[in-house]
Amino acid sequence: FSFQYKFSPREPDEAERIFDIIKVLKKAMAVRKSDSTLFLMTPRIFKLEYKDGLTNTTHKYLNKFKDCALTQLTVNYAPNQTYMAYKDENGNGSVPVSFDISMLFQELSPIFSDDYNNNEFIGF
């Protein structure tokens, strides 16, 4: 499953939040080391769901996801084919005026035909 988002920070605090989101996603998709650093551990597992904006519950007419891994994260710092930035008021340099973020998720277990037979609606 792929998802694309456009972020356009209006102030330095919003830009910092976007940078934090990118950092958290990159960290979550990376392989982890065990405490002893002898073993490698899996990247973080994501539990995705569409929310119904009115009831804040899982949207019943959209597809459901099994547990997923984030396999690809792409950040485009020049989504309008031109790099533009504004001066950060905190003195940290310049901040791009817009970001495009693309994420690719892979479900960890396959979807079986039996999944459509149970009573739980799984969307279209």
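The values are calculated or read from the model by the stated rules, or taken from the named source; none is laboratory data. What you see is a predicted model, and the numbers here were worked out from it, not measured in a lab. Here the Cβ positions follow ideal geometry from the backbone for every residue, glycine too, while neighbour counts run over all protein chains shown. Keep in mind that these areas ignore ligands, DNA and RNA; they rest on the heavy atoms of the full protein, side chains included. Shrake-Rupley method; radii C 1.70, N 1.55, O 1.52, S 1.80 Å.
Some values worked out for this structure:
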item	result
Mean Cβ count within 10 Å, highest first, over the residues of peptides 95-103, 79-87, 51-59, 11-19	95-103, 11-19, 79-87, 51-59
Distance violations [Cα-Cα > 23 Å] among LYS6/LYS26; LYS26/LYS47; LYS27/LYS47; LYS27/LYS64; LYS6/LYS66	LYS27/LYS64; LYS6/LYS66
Surface share of carbon and sulfur [accessible, 1.4 angstrom probe, percent] for the chain	54 percent
Acute angle (nearest 10 degrees) that the helix 12-29 long axis makes with the longest principal axis of the chain, alpha-carbon atoms	40 degrees
Label corresponding to mean projected area of the Cα convex hull in nm² when calculated from the structure given, among (1) 11.8; (2) 7.9; (3) 6.3	(1)
The chain: calculated mean residue ellipticity at 222 nm from DSSP helix runs of at least 4, using -39500 (n - 2.57)	-5000 deg cm²/dmol
Average accessible surface area per residue within the chain, 1.4 Å rolling probe, Å²	75 Å²
Length-normalised contact order of the chain in % [C-alpha pairs under 8 Å, at least 6 apart]	31 percent
